[in-house]
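> My questions all concern the structure below.
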Amino acid sequence: MIAIDQVEQPARRRDERTLPQLLFVIPAYNEEENIPTLLADLRQTLGLLGAGSKIFIVDDGSVDATADLVRAYDGPLPVELVQLEENAGPGAAFRTGFSTALEAAGERGLVVTLEADTTSDLEALPEMIAAIRGGADVVLADWAMVNVSAHRRALSAAAGWVVRRALGLEAKTVSSFFRVYRASTLREASNKHGDQLIRETGFACKAEILAKLSAMGASIAEVQVALDWNKRSGKSKMPVLRTMLAYWRMLFRERAQPQEALGS
C-alpha cells in the first residue's frame with residue numbers, strides 16, 4: 001500500500017520553484033478541542049507550500065493539552081511548536097510568532113496568520129496569495145459572517161468603524177486573525193518599530209498592526225471569506241468589553257504618535 005504522503009510529495013517537488021514560501025503564525029490558547037481539526041484543515045494547504053514553508057503554532061501558555069497535541073503531530077505538514085511559558089495574550093503570541101517566522105523567511109516569503117479555532121476558511125488562501133502577487137503588501141479576510149453571535153458582530157463592526165474613521169483606513173474587517181503579509185513588509189515594520197510594533201496584548205493588536213503598516217504606506221487588499229462560528233468547539237477567548245476599551249486606547253495612542261510615510 002502506498003502512503004498518501006508518498007503520492008503528494010512528488011507533485012510538490014515539481015511545483016516548488018513556483019510555489020511561495022508560506023510561514024504560518026497561529027496563536028493558540030487552550031485549543032485542545034480544535035487542534036486536531038486545525039491540523040486536518042491545514043492539510044489542504046500542502047499543495048501551496050513552497051520550499052522552506054513552516055507552520056508555527058504559538059502556544060500562549062495553555063493549561064490544557066494544546067501544546068502536547070501539536071508536539072505529537074507526525075503528519076506531512078512542516079509543523080513546529082512555539083511555546084510561551086505563561087498566557088500573555090494574542091499580542092505577545094504574534095510578537096513571538098512574527099519574530100520566529102521572519103528568522104525563517106526568505107526575501108519573497110509570505111506570513112500567514114489565522115485563528116486556531118478553525119473558523120478561518122483556508123479555501124480562500126489561494127485567492128489571498130494571488131492578491132499579494134497582484135501587488136498588495138497585506139491581504140485581509142473580509143468576513144462574511146455565518147452563525148456568528150450578535151456581540152461578535154457588534155464588536156467587529158465597532159472595531160472597523162473606529163479604525164476607518166479615526167485612522168483613515170479603508171479596511172472593512174480589522175479584527176480577524178486571518179491575513180497574508182509580505183514578510184518583507186513585516187520585516188520593515190519590525191525594523192522601524194522594534195518592540196513597539198505590537199504594544200496591545202489583546203485582540204486589538206490586529207488593528208494596531210494594520211494601522212502601523214498603513215501609516216508606512218503598505219498596500220492593503222481584502223478578500224471576502226466566510227466565517228462560520230459553528231465550525232469551532234469551545235467558547236470564544238475574546239473578552240468583549242476589554243477588547244473594545246483596548247481599541248480606543250490603541251486609537252488614541254496611534255493618533256497621538258503619527259507615523260512617517262514609507263520611504264520618508
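> Which residues, taken from the stretch 212-231, are at pLDDT below 85 and either buried (at least 19 other Cβ atoms within 10 Å of the Cβ) or of a type in the set (Ser, Thr, Tyr) (or both)?
Leu227 - this is the single residue of the stretch 212-231 that is at pLDDT below 85 and either buried (at least 19 other Cβ atoms within 10 Å of the Cβ) or of a type in the set (Ser, Thr, Tyr) (or both).
> Pairs only if they're at least six apart or on different chains, beta carbon under 7 angstrom, first in the stretch 198-221 and within 27 Å of Glu86 (Cα to Cα) and in contact (Cβ under 8 Å) with a residue 40 or more places away in the chain, second in a helix (DSSP H, G or I) and of a type in the set (Ser, Thr, Tyr); list them, first residue then second.
Gly202/Thr243; Phe203/Thr243; Ala204/Thr243; Ala204/Tyr247; Ala207/Tyr247
> Hey, another quick one. Is it true that Asp64 is at pLDDT below 95, of a type in the set (Asp, Glu), surrounded by fewer than 17 Cβ atoms within 10 Å (Cβ to Cβ) and more than 19 Å from the chain's Cα centre (by Cα)?
For Asp64, the condition - at pLDDT below 95, of a type in the set (Asp, Glu), surrounded by fewer than 17 Cβ atoms within 10 Å (Cβ to Cβ) and more than 19 Å from the chain's Cα centre (by Cα) - is not met.
> Here's a follow-up. What is the one condition in (1) in contact with an Asp or Glu (Cβ under 8 Å, 6 or more places away or on another chain); (2) modelled with pLDDT of 85 or more; (3) part of a helix (DSSP H, G or I) that Ala246 does not satisfy?
For Ala246, the exception is condition (2).
> Considering only the stretch 103-137, how many residues are under 20 Å from Ser214 (Cα atoms), in contact with a Gly (Cβ under 9 Å, 6 or more places away or on another chain) and not in a loop (DSSP other than H, G, I, E, B)?
Residues that pass the stated criteria total 2.
> Here is a follow-up. Could you please find all residues in the stretch 194-229 being more than 27 Å from Gly134 (Cα to Cα) and either of a type in the set (Asp, Glu) or part of a helix (DSSP H, G or I) (or both)?
Within the stretch 194-229, Gly194, Asp195, Gln196, Glu200, Asp228, Trp229 qualify.
> Find the residue count for the stretch 166-193, including only residues that are outside any helix (DSSP H, G or I) and of a type in the set (Asp, Glu).
Looking only at that region, the number is 1.
> If I ask for residues that are surrounded by 16 or more Cβ atoms within 10 Å (Cβ to Cβ) and either in contact with a Ser or Thr (Cβ under 7 Å, 6 or more places away or on another chain) or under 16 Å from Ala136 (Cα atoms) (or both), which ones from the stretch 99-111 would you list?
Leu102, Gly109, Leu110, Val111
> While we're on this one: So, Pro78, is that one touching a strand residue (DSSP E or B) at 6+ places or on another chain (Cβ under 9 Å) and within 22 Å of Leu19 (Cα to Cα) or not?
Criteria met by Pro78.
The values are calculated or read from the model by the stated rules, or taken from the named source; none is laboratory data. Please read these numbers as outputs of a predicted model, since none were measured by experiment. Neighbour counts are summed over all protein chains in view; Cβ atoms, including those assigned to glycine, are modelled from backbone coordinates with ideal geometry.
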